[in-house]
Amino acid sequence: QVQLVESGGGLVQPGGSLRLSCAASGFTFSRYAMRWYRQTPGKERELVATIPYTGSNTNYAESVKGRFTISRDNAKNTVYLQMNSLKPEDTAMYYCNTPVLGYWGQGTQVTVSS
């Protein structure tokens, strides 16, 4: 069955970096666009970044442009989110998603705090 497993979250100080990973299985990963979302309690899930199946023409939320980079390794069935210059407002649960198939991972918590 389809599985998306996120990892790489944790506690980091403002200005720090983290790299999230999402390992996919159960579908032909290389044929599908992937997305990262984030959510904080009481708020709607926010789209953070999108990468097409080709890996080019990525898109980002205005709030993370220039700081976050989405990438993928189709040989490893994995999508990444490199997060630099982290801010306290980046604190959230981060989820990966297949927009066409509609599957979600369980999420990984990112906390930015001194």
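So if each residue of separation counts as 0.36 nm, and I subtract the Cα-Cα distance between ARG67 and THR91, what length gain in nm does that give?
Gain on extension, ARG67 to THR91, equals 7.2 nm.
Heavy atoms of the protein chains alone define the surface here; on that basis region 1-101 has 53 Å² accessible area per residue at 1.4 Å probe size. With each label modelled as a point 7 angstrom along the Cα→C-beta vector, the GLN3-VAL100 pair spans 2.3 nm.
Relative protection proxy for 105-112, 79-86, 7-14, from highest mean packing down: 79-86, 105-112, 7-14 (other beta-carbon atoms within 10 angstrom). Near MET34, the amide H atoms lying under 5 Å from its own belong to ILE51; only residues 5 or more places off or on other chains count, and H is placed 1.01 Å from N.
Full extension from GLN39 to LYS76: what is 0.36 nm times the residue separation minus their Cα-Cα distance, to one decimal in nm? Gain on extension, GLN39 to LYS76, equals 10.7 nm. Here LYS43 is the anchor, and the lysines within straight C-alpha reach of less than 20 Å, apart from those fewer than 8 places off in the same chain, are LYS87. What you get for the chain, charging only the Cβ of Lys and Arg (+1) and of Asp and Glu (-1), is a dipole of about 160 debye around the Cα centre.
To put it simply, the accessible area of the chain at a 1.4 Å probe is 46 percent carbon and sulfur.
Separation of region 88-109 and region 34-66, taken as the distance between their Cα centroids, equals 9 angstrom.
The values are calculated or read from the model by the stated rules, or taken from the named source; none is laboratory data. Please read these numbers as outputs of a predicted model, since none were measured by experiment. We place every Cβ from the backbone using ideal geometry, glycine too, and count neighbours over all the protein chains shown. Ligands, DNA and RNA are excluded from the accessible area calculation, which covers all protein heavy atoms including side chains. Shrake-Rupley method; radii C 1.70, N 1.55, O 1.52, S 1.80 Å.
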